[in-house]
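Q: Would you mind keeping the following structure in view while I ask a few things?
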Amino acid sequence: MSMLIAFYICLTQFLSIFSGIDGYFNHRLSQCQYSSKDLHGIEYIDSYYFNQVENIRFNSTVGKFVGYTELGLKNAEAWNKGQELARVLGELERFCKHNADLHYSAILDKTVEPHVRLSSVTPPSGRHPAMLICSAYDFYPKPIRVTWLRDGQEVKSDVTSTEELANGDWYYQIHSNLEYTPKSGEKISCMVEHISLTEPMMYRLG
């Protein structure tokens, strides 16, 4: 099975400093953003915040520090002329590209097969007397295709489906409904296609 999978990974380092009873809060956020596996789509972003306001940011695509506040503008001008710029210019290679294989193998190369459940319920509308629900649970990665077949032919009318819904634990679920009028001898199946499966899986009641 061939399925196009779009992916985006953001690796983050977080450093925070809280100062005394006055409530001043500094934090720094360093990110590697991966948009392709060939290492050409990597971007390193290093941001500095004071009391939740971003003062200054380095972006490897831009190639320099950019300030967003009065203090940030002053620091950006100074840092772009000093050793700080040379240090962050090397982070794309040292931090992002160096760890890319580890991040890809830990996330992108993992697949989990969906657990599929097919059920029959009473439809909420009166157009048809019957409705089937095909639910796929706990699969990874996100892209999946759920279709209905009636006697081997794909059904496109009277079908409603959710988007892929995040469980909040890296896994996803999706639900597809088919409202129909039963006919004697017919065969209705739910077909699920996912990168974790070597071939499309067919599910029928009974």
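Q: Considering every residue within segment 114-126, establish whether at least one is assigned to a loop (DSSP other than H, G, I, E, B), charged (D, E, K, R) and surrounded by fewer than 18 Cβ atoms within 10 Å (Cβ to Cβ). Let's see the steps before the verdict.
A: As a first pass, look at segment 114-126 and keep what is assigned to a loop (DSSP other than H, G, I, E, B): 114, 122-126.
From what's left, charged (D, E, K, R): none.
No: segment 114-126 contains no residue that is assigned to a loop (DSSP other than H, G, I, E, B), charged (D, E, K, R) and surrounded by fewer than 18 Cβ atoms within 10 Å (Cβ to Cβ).
Q: Pairs under 6 Å by beta carbon, first residue within 15 Å of Val146 (Cα to Cα) in segment 113-124, partner among the aliphatic types (A, V, I, L, M) and at pLDDT below 95, six or more apart or different chains?
A: So the pair list comes out as Leu118/Leu205.
Q: Residue check: is Ser30 within 30 Å of His103 (Cα to Cα), assigned by TED's automatic domain parsing to the domain that holds Asn99 and out of contact with any helix residue (DSSP H, G or I) (no Cβ under 7 Å at 6 or more places or on another chain)?
A: Numbers: within 30 Å of His103 (Cα to Cα): yes; assigned by TED's automatic domain parsing to the domain that holds Asn99: yes; out of contact with any helix residue (DSSP H, G or I) (no Cβ under 7 Å at 6 or more places or on another chain): yes.
Criteria met by Ser30.
Q: Then there is this: Which of the following residues is in contact (Cβ under 8 Å) with a residue 12 or more places away in the chain and in contact with a Ser or Thr (Cβ under 6 Å, 6 or more places away or on another chain): Glu84, Glu54?
A: Numbers: Glu84 fails: in contact with a Ser or Thr (Cβ under 6 Å, 6 or more places away or on another chain).
Going through Glu84, Glu54 in turn, just one is in contact (Cβ under 8 Å) with a residue 12 or more places away in the chain and in contact with a Ser or Thr (Cβ under 6 Å, 6 or more places away or on another chain): Glu54.
Q: If we scan segment 155-162, do we find a residue that is surrounded by 15 or more Cβ atoms within 10 Å (Cβ to Cβ), among the β-branched types (Val, Ile, Thr), more than 23 Å from Ser105 (Cα to Cα) and in contact with a Lys or Arg (Cβ under 8 Å, 6 or more places away or on another chain)?
A: Within segment 155-162 (the criterion being surrounded by 15 or more Cβ atoms within 10 Å (Cβ to Cβ), among the β-branched types (Val, Ile, Thr), more than 23 Å from Ser105 (Cα to Cα) and in contact with a Lys or Arg (Cβ under 8 Å, 6 or more places away or on another chain)), the answer is no, since none of the residues qualifies.
Q: How do the strands (runs of 3 or more DSSP E) wholly within segment 129-206 filter down when requiring 2 or more residues that are farther than 18 Å from Val112 by Cβ: which remain?
A: Working: elements: 130-139, 145-150, 153-155, 159-161, 172-180, 188-193, 201-203.
Because the criterion is at least 2 residues that are farther than 18 Å from Val112 by Cβ, the strands (runs of 3 or more DSSP E) in segment 129-206 that meet it are 130-139, 145-150, 153-155, 159-161, 172-180, 188-193.
Q: Within 28 Å of the chain's Cα centre (by Cα) and in contact (Cβ under 8 Å) with a residue 24 or more places away in the chain: is that true of Gln31 in this structure?
A: Numbers: within 28 Å of the chain's Cα centre (by Cα): yes; in contact (Cβ under 8 Å) with a residue 24 or more places away in the chain: no.
Criteria not met by Gln31.
Q: If a residue has to be part of a helix (DSSP H, G or I), surrounded by 12 or more Cβ atoms within 10 Å (Cβ to Cβ) and aliphatic (A, V, I, L, M) to count, how many in segment 79-113 make the cut?
A: 7
The values are calculated or read from the model by the stated rules, or taken from the named source; none is laboratory data. No experiment lies behind these values; they were computed from the predicted model shown. So basically every Cβ, Gly included, is an ideal-geometry build from the backbone, and we count neighbours across all protein chains shown.
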